[in-house]
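Structure first, then comments.
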Amino acid sequence: MHGVEGDYWACQILVNFAPSYGIIISALVSSWKETLTETTIIKNGVVITLNERNQIYQDGSVLIEDNRIVDVGPSDNISRGKRVDNTIDARGKAVLPGFVNLHAHSGLIRGTAEDLPLWEWLERHVDPKHKVLRAKDAYAASSLCYTEMIKAGITTVLDMYRFMHRCADAAEEVGIRAVLAPYVADKPEYDYFEKQNDNIELIRKRHGSANGRIHVWMGLEHLVYCSEEAYHRAREYADKFNVGIHTHGEESKEMAAKLEKEYGLSPIEVLHKRRILTPKTVLAHCVWVTPREIELLAKAGTSVAHCPVSNMKLASGVAPILDYLRQGVNVGLGTDGVKENNRLDMIQEMKIAGLLQKVTHLDAAALPANTLLRMATINGAKALGLGEEIGSLERGKRADIIILNLTSPHMSPALTGEFFNIISNIVYAAIPSDVETVLVDGKIVMQKRKVLTVDEEEVVARHKAAAEELLERRKPFVPKE
């Protein structure tokens with residue numbers, strides 16, 4: 001070991017073995033440690049912290065040391081007396097925590113499985129695809145989807161897919177923070193899906209990898225796909241490894257009625273009986289629920305991933321988001337997959353989530369813009385057990401930050417002061433291309449709209465080729481009309 005880093009560790013040894021020189025050597029260690037630390041300042045932007053007080057600095061700065069935020073506040077007060085290695089001027093821009101996509105499926109068949117209700121869509125397009133999916137397809141799919149998410153300001157995703165060791169590879173390369181929950185199914189007719197032993201092996205090999213950016217949870221596809229034993233085993237191993245559980249709540253009215261008839265209980269009551277409702281559980285959709293089910297979710301501290309665009313496209317219905325919030329259920333937002341959305345865009349999800357509740361309840365005050373922005377950031381972080389690490393801009397948190405341009409025509413007027421409208425504009429007027437710069441864990445992964453970690457053209461070409469090959473292989477398994 002040579003140079004400054006070698007000198008630093010030499011001093012650490014001296015501190016331990018020469019206490020009488022401790023004060024002098026400690027000062028040297030501090031000096032050398034500061035030299036080793038990379039410091040970045042994002043300055044002069046509209047800083048939207050999303051902290052508990054919803055603090056906003058209309059001319060604010062964020063100071064980062066390595067991968068952590070060390071200070072947030074007015075630009076005049078930040079970085080005085082500090083050595084700064086990198087400066088990002090955010091004048092005319094908003095600075096906010098990266099979006100947390102609380103439910104997604106990486107995929108290949110965007111635009112090829114259209115205009116069908118949920119279960120017919122699954123039987124005709126999705127399950128046949130899974131019968132022929134390969135590990136290299138999962139890599140092509142997740143590389144593309146994670147790149148698309150970064151370009152839309154999504155810095156964290158809870159992804160449920162197949163061959164997720166390859167998804168972990170893609171997440172590590174692209175630079176996104178990923179929570180991976182494999183599609184697990186153990187009923188005989190779904191024997192082509194992942195098994196729980198695959199899930200357990202993935203936890204052992206990849207949980208906590210990429211400097212803590214990659215997490216692995218226990219995944220369960222759906223009540224239709226999984227046995228009772230699978231749920232009990234998922235809870236057992238989630239407890240053993242201290243990880244979460246992710247599965248689907250019911251989004252189809254017809255399937256909710258069918259399951260209740262089969263089990264004599266509503267779907268979430270079945271999940272409660274099978275012991276998977278915990279504070280570390282995230283249920284996707286949960287469109288058709290009873291007051292009793294909402295009560296169970298609230299008591300358990302289980303979070304809901306609301307996917308409004310997918311629910312609308314598949315004609316599933318409108319989730320009772322206002323009821324969830326009134327009962328204290330934590331609700332985040334998810335895009336669902338490219339095959340059922342067809343975009344991985346949390347700005348779109350915020351806007352549609354708000355509009356859907358307003359028109360359904362005939363209440364223009366339903367889900368204010370700030371609530372929607374919190375659902376897309378800190379609520380998602382809390383659902384993943386990462387609320388102390390990400391989801392808001394606060395000292396000590398990891399630097400997952402996006403910088404969004406406020407000067408485009410569709411964002412004008414961007415007003416500060418008495419008529420401040422920046423949050424409303426982000427929720428209702430912004431588009432993904434307004435996101436200019438993205439940092440994950442303190443590292444710049446996109447700058448001036450260019451992803452720095454992967455070759456976008458290569459990612460798109462690989463995804464297209466994999467999709468074309470998969471659609472050909474799928475043909476024998478598609479039911480005849």
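The values are calculated or read from the model by the stated rules, or taken from the named source; none is laboratory data. Remember, it's a predicted structure, so these values are computed and weren't measured experimentally. We place every Cβ from the backbone using ideal geometry, glycine too, and count neighbours over all the protein chains shown.
Quick one: in region 73-128, which of the residues that are among the acidic types (D, E) and not in a helix (DSSP H, G or I) is farthest from A315 (Cα to Cα)? If you could, list the steps in order and put the result at the bottom.
We begin by selecting, within region 73-128, every residue among the acidic types (D, E); these are 76, 85, 89, 114-115, 120, 123, 127.
From what is left, the residues that are not in a helix (DSSP H, G or I) are 85, 89, 114-115.
Working: D85: 51, D89: 44, E114: 12, D115: 9 Å.
Result: D85.
So which residues in region 167-217 are among the polar types (S, T, N, Q) and either more than 23 Å from H232 (Cβ to Cβ) or in contact (Cβ under 8 Å) with a residue 40 or more places away in the chain (or both)?
Q196, S209, N211, listed by residue number.
Return only the number of the condition from (1) small (G, A, S); (2) touching a Phe, Trp or Tyr at 6+ places or on another chain (Cβ under 6 Å); (3) more than 27 Å from L386 (Cβ to Cβ) that G244 does not satisfy.
(3)
Residues in region 435-447: is at least one among the aliphatic types (A, V, I, L, M), assigned to a helix (DSSP H, G or I) and in contact (Cβ under 8 Å) with a residue 40 or more places away in the chain?
no
Conditions tested, residue by residue: (1) of a type in the set (D, E); (2) touching a residue at least 40 places away in the same chain (Cβ under 8 Å); (3) surrounded by 19 or more Cβ atoms within 10 Å (Cβ to Cβ); (4) touching a helix residue (DSSP H, G or I) at 6+ places or on another chain (Cβ under 9 Å).
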residue	(1), (2), (3), (4)
V100	no, yes, yes, yes
G107	no, yes, yes, yes
W119	no, yes, no, yes
D137	yes, yes, yes, yes
C145	no, yes, yes, yes
T156	no, yes, yes, yes
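Here are some conditions: (1) at pLDDT below 95; (2) not assigned by TED's automatic domain parsing to the domain that holds L50. V454 meets all but one. Which one does it not meet?
Against the list (1) at pLDDT below 95; (2) not assigned by TED's automatic domain parsing to the domain that holds L50, V454 comes up short only on (1).
Is one or more of the residues making up region 129-149 in the same structural domain as V338 (by TED's automatic domain parsing), touching a Lys or Arg at 6+ places or on another chain (Cβ under 8 Å), closer than 23 Å to R68 by Cβ and part of a helix (DSSP H, G or I)?
no
Could you list, ordered by first residue, the pairs with Cβ atoms under 8 Å in which the first is in region 40-59 and crowded, with 20+ Cβ neighbours inside 10 Å and the second is assigned to a loop (DSSP other than H, G, I, E, B) and β-branched (V, I, T), at least 6 apart or interchain?
Hits for this filter: T40/V84; I41/I78; I41/V84; K43/I78; V46/T416; L50/T377; Y57/T49.
Just a yes or no: is a residue in region 378-397 closer than 23 Å to V318 by Cβ, of a type outside the set (G, A, S) and crowded, with 21+ Cβ neighbours inside 10 Å?
Scanning region 378-397, I find at least one residue that is closer than 23 Å to V318 by Cβ, of a type outside the set (G, A, S) and crowded, with 21+ Cβ neighbours inside 10 Å, so the answer is yes.
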